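Colleague: Here it is, the structure in full.
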Amino acid sequence: MYMNRKNMITIIIGVLIMAFGLIIGSLSRYNILEKIFSFLLVAVILAVICDIYLLFKDKRFFGKAKWIVKTSNNTLLLTISLYCTLIPNLSINSKDSLHTMLISIIFVSGLIPFFHSILKDGINEKGIFHWGNLYTWDKIQSYSFTDNFLVIALNASANKFKLIVKKEDKENIKLLLKEHMKR
């Protein structure tokens, strides 16, 4: 009997999930999972601390934005809804240490998009501050305007992002971009 590719991939994924479940099940008898989750929780906490330090370091270097711009990114809303789901779940299932550690890992990891989302995006003479990242003028390859959107293309990759610009700020931002994009 001949199996098509889609069925074969489904069977392989099913076998891998079953193998993963068996491995996790056998490890739970030896409390290895608690040690792994403890290590992961510490690693996530250190990663969050490092990211938040770098985030505020970039923000301090950037300084005050000359123009506040917005983005169509809904990460803050998603992060808040994640926390609204996790907090009751954490309090209900606090008897199981593995479950508590897993939720704690997710909770702490959610701090990264939360902090990136609460800082305002802006433009000034040093560059563009977008979603917690500072893009100095040398990192920006090109820009274009479409209606109220400023589209920025970065040098290092094919990444582009859109910023929502107020109509009254559009001409002043164009002048600043032309001045700094002369290469």
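So that you can scan it fast, the table gives a plain yes or no per residue for (1) open to solvent by 40 Å² or more (accessible area, probe 1.4 Å); (2) in contact with an Asp or Glu (Cβ under 6 Å, 6 or more places away or on another chain); (3) more than 20 Å from F62 (Cα to Cα); (4) not charged (D, E, K, R):
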site	(1), (2), (3), (4)
G132	no, no, no, yes
T136	no, no, no, yes
F145	yes, no, yes, yes
I152	no, no, no, yes
F161	no, no, no, yes
E168	yes, no, yes, no
K174	yes, no, no, no
E179	yes, no, no, no
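Colleague: Given the residues L41, L78, L46, L16, which is the only one that is of a type in the set (A, V, I, L, M), at pLDDT 85 or above and out of contact with any helix residue (DSSP H, G or I) (no Cβ under 6 Å at 6 or more places or on another chain)?
Modeller: On the way: L41 fails: out of contact with any helix residue (DSSP H, G or I) (no Cβ under 6 Å at 6 or more places or on another chain); L78 fails: at pLDDT 85 or above; L16 fails: at pLDDT 85 or above.
It is L46.
Colleague: Would you check if there is a residue in region 108-123 being open to solvent by 80 Å² or more (accessible area, probe 1.4 Å) and modelled with pLDDT of 85 or more?
Modeller: yes
Colleague: Residue check: is K64 at pLDDT 85 or above and charged (D, E, K, R)?
Modeller: Values: at pLDDT 85 or above: yes; charged (D, E, K, R): yes.
It is true that K64 is at pLDDT 85 or above and charged (D, E, K, R).
Colleague: Consider I173 carefully, then state whether it is closer than 20 Å to S72 by Cβ, in contact with a strand residue (DSSP E or B) (Cβ under 7 Å, 6 or more places away or on another chain), β-branched (V, I, T) and modelled with pLDDT of 90 or more. Steps first, please.
Modeller: Numbers: closer than 20 Å to S72 by Cβ: yes; in contact with a strand residue (DSSP E or B) (Cβ under 7 Å, 6 or more places away or on another chain): yes; β-branched (V, I, T): yes; modelled with pLDDT of 90 or more: yes.
Taking the combined requirement at face value, the residue satisfies it.
The values are calculated or read from the model by the stated rules, or taken from the named source; none is laboratory data. These numbers come from a predicted model, not from an experiment. Please note: Cβ atoms are built from the backbone with ideal geometry, for glycine as well, and neighbour counts cover all protein chains shown. Just the protein is used for accessible areas: all its heavy atoms, side chains included, with ligands, DNA and RNA removed. Shrake-Rupley method; radii C 1.70, N 1.55, O 1.52, S 1.80 Å.
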